[in-house]
Amino acid sequence: MSDIDTEISSHFLSPQGILNQCPQKIIALSSGKGGVGKSVIALNLAIALDELDKKVLLFDGDLRLPSIDMLLGKSGPFNLNHVLKGVCSLEESILKGPGGLDIISAAYQEHLITSLSTREQSALVYSIHKLFNRWNYLIIDTPAGLSEETLGLARYAEDMILVVCNEPTSVAATYTLIKLMNERYDLNDFHILANMVQDEEEGERVFNKLVSISDQFLEIRLNFLGSIPFQSSVRCAIKMQQPFLSRYPKSKSAKAISSIAAKINSRFLEDANHGEWLREQMRSI
């Protein structure tokens, strides 16, 4: 066993390990394809949880094309690129977002990182957890699509939220992602968030399409988390590099994301087994 594997095991899996001391929850947001607004949802969901007086860390897991800092129009002196090169610590790379939100991201202009191995991913998650007693939630914005990076990062989450829109390609790609996560990591529970829909009814139709396909071939459980309506205000906020929840707090989209955050937080308060899923995933590495 390597030094890093020994360190991970001792800190994570022992009775005194980090995960046994902290009430954190890890949530991964993924999508079967790009262009469905996943990162926009991840950012605004993190802010909505922060507004519920929760401490939130948002991790932009797309090392090739990070977008969270672009959506906010801000960057700090250090980022994840510097951490992996040994220039700074992980804590020094944290970018302060709206409210009390903390963000870890790579840098779009620096094409120094293309992917992380399974061991490097586990080491990164471990490093985050060394600081994690200050946060209630870790939100992982995984890369879009069916890449190894997406599958690898999503496996560390207790809850996986799949962002889907009402397009055949999006529904098909989402089903494929569900199938891969189920077959590879035995993940059976998925939360579906329908984005860019006209109303809640359209969102439910998208969800029902996924249920219909999945029920034929997989033994899994899909939960409809809710939907975010398509509004011009969302697009305007993106162009202004501001979260739509902050820029247009009274919009239907803002109210919808706040409602979803409240639903997630309600489940968080009911669940006392935070960290168990991650411990199991770390044991399998």
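Values quoted throughout were computed directly from the atomic coordinates according to the rules given, and no laboratory measurement underlies them. Here the structure is a predicted model, which is why all the values come from computation and not from measurement. Positions of Cβ are backbone-derived with ideal geometry, glycine not excepted, and every protein chain shown enters the neighbour counts.
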| request: Would you mind checking which residues have amide H under 5 Å from residue 156's amide H? H placed 1.01 Å from N; only 5 or more apart, or other chain. | output: none
| For 25, 179, 239, 54, what's the fewest-to-most ordering of other Cβ within 10 Å of each Cβ? | 239, 179, 54, 25
| field | Modelled label reach - residue 259, point 7 Å along Cα→Cβ, region 166-205 residues with backbone N closer than 17 Å | value | 192-205
| request: Determine the alpha carbon to alpha carbon distance for each of 96/252; 55/263; 38/250; 54/263 and list only those over 25 Å. | output: 96/252
| task | Take the alpha carbon atoms of region 198-227, find their center, do the same for region 153-172, and report the distance between the two centers in whole angstrom. | result | 11
| request: Just subtract the alpha-carbon distance of residue 134 and residue 201 from 0.36 nm times their residue separation and send over the number in nm, one decimal. | output: 20.3 nm
| said: Just to confirm a number: summing +1 for Lys and Arg and -1 for Asp and Glu over residues other than residue 264 whose beta-carbon lies under 10 angstrom from that of residue 264, what do you get? | reply: +3
